[in-house]
Structure formats: structure tokens, C-alpha cells
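For reference, the structure discussed in these notes is given below.
The values are calculated or read from the model by the stated rules, or taken from the named source; none is laboratory data. The structure presented is a predicted model; accordingly, all values stated were derived computationally and were not measured. Quick reminder, even Gly has a Cβ in these numbers, built from the backbone with ideal geometry, and neighbours come from all protein chains shown. For accessibility, only protein heavy atoms count, side chains too; no ligands or nucleic acids. Shrake-Rupley method; radii C 1.70, N 1.55, O 1.52, S 1.80 Å.
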Amino acid sequence: MVSPEKAPDTPTYVTIKFEKGIPVEVDGQKLSPADLLRYCNKVAAANGVGIADIVENRLVGMKSRGVYETPGGTLLFAAHRELELLTVERDTIHYKDLVAQKFSELVYYGQWFHPLREALSAFVDKTQEVVTGEVKMKLYKGNCTPAGTTSPFSLYDPEIATFEADDVYNQADAGGFINCFGLPMKVNAKMKQKNGLL
């Protein structure tokens, strides 16, 4: 693995295809999971991607410093996340972020066979039903950034996502939504003002 400073001066692009959240193809090649990871390790490492220098909390509570090299894992994780951002709806992806913290903790603590890990895996499997498509990633000097994502399950609709005048929905509806959404904060502020807390 090279350091980001010694990586090539031109970016490398990698396209990864996923089916239900599982990477199945890279740069047009259908590979076994092991060979796909080897390929991603090689190309990402050549671009200085995947060096993690962290202070972590051990199971027993002490802090320790670890330097990890995870080039292929970093590339696959970043590509998968981009595809999820396009295909998984807001509430589910936000909750999945919370689940990820507990899931990783269980794995780190060696509790792979814990019933909670099994239950969380079932949740994750359900979220991956629509995570199918291709992600193009740009690797450059230690960075791994998205360069394009496509999916038949894309939730992005430019006709709905516009800030321009359109016939999709009435922009004036936002006023009522803002008033309703902000009501709990308004009531809380009123209570604090009444009790001299503001």
C-alpha cells in the first residue's frame, strides 16, 4: 500500500455493481467475493485509499491507538453507502445508521452469535432489497469519492426534487408544514419565557 502522497497524480475510476447490497462485479468483471475484494484492495491501495489511524476504545475500557489498512473495504463501503443514499428512503437509512453502531460493537466484542446481532442482520437484509445498481468511484491521493450512481430502484426524481416553479406540489404548502413542525419548540419556548428561563 502506498501513502496518499506517493499515489499517482491522476485519478483512478472504479465501477462496482451491487445486487441487493452485495458487490458482484467490478470494472465489468464478475468475480467471486474473495477475488472482488482482492481487486478492490489492489486498486485502492495503489491510490493510497484506506489508511485509518485511530484511537479506539477496547472492550475492557482502555484507549489504544491502531493503524489499519483497509483499502478494498474502504472502497466497497463508500460505494455501497452511495447506492444506499440513492435507493433507501430517509427514515430507514437514518435508523440503519443507529443500528450500524450497535452492530459494529457486537462484532468488535466478538458476539457474532448473539441473538441481537442476528436480529439486526435481519433488519439490514430487509433494507438491502433495493440496494441494486452501479456506483462509479474516483480514487485520488487517499480520497475515495463518488463519481456517479445508477439504480433501477432510484428514489431520486428531478421533477419532484426541484426548487423551481412546478406542478408537482404547491410550494406554499411549506408554510403550514413549518408552523406545525415548529409547534413543539414554540410551546417549549413559551413555557421557558413564562417561568423566567429565557
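Which cross-chain or sequence-distant (5 or more) residues have an amide H under 5 Å from the amide H of Thr70, H modelled 1.01 Å from N in plane?
Amide H neighbours of Thr70, under 5 Å, 5+ apart: Ile51, Ala52.
Which longest uninterrupted range of the chain lacks any chymotrypsin sites (Phe, Trp or Tyr not before Pro) assigned by DSSP to a loop state (not H, G, I, E or B) and surrounded by at most 16 other Cβ atoms within 10 Å?
Of all site-free stretches, the longest is 1-108.
Per the 1.4 Å probe, what fraction of the accessible area of the chain, in percent, lies on carbon and sulfur atoms?
59 percent
Hey, got a sec? Which GluC sites (Glu not before Pro) in region 77-139 land in a DSSP loop and have at most 16 other Cβ atoms within 10 Å?
Sparse-neighbourhood loop GluC sites (Glu not before Pro): Glu89.
Would you look at the GNM of the chain, springs on alpha carbons closer than 10 Å, and say which of Pro71, Pro115, Pro152 moves the most?
Taking springs between Cα atoms under 10 Å, the residue moving most is Pro115.
Looking at region 1-120, how many pairs of lysines come closer than 18 Å at the Cα, when each pair is eight or more places apart or spans two chains?
6
Solvent-accessible area per residue for the chain at a 1.4 Å probe radius, Å²?
Solvent-accessible surface per residue comes out at 68 Å².
Please identify, among Lys141, Lys42, Lys63, the residue showing maximal mean-square fluctuation in a Gaussian network model of the chain using a 10 angstrom Cα cutoff.
Looking only at Lys141, Lys42, Lys63, the largest GNM fluctuation is found for Lys63.
Over the chain, with a Gaussian network built from C-alpha contacts below 10 Å, which listed residue (Ala161, Ala100, Ala34) shows the highest mean-square fluctuation?
Ala161
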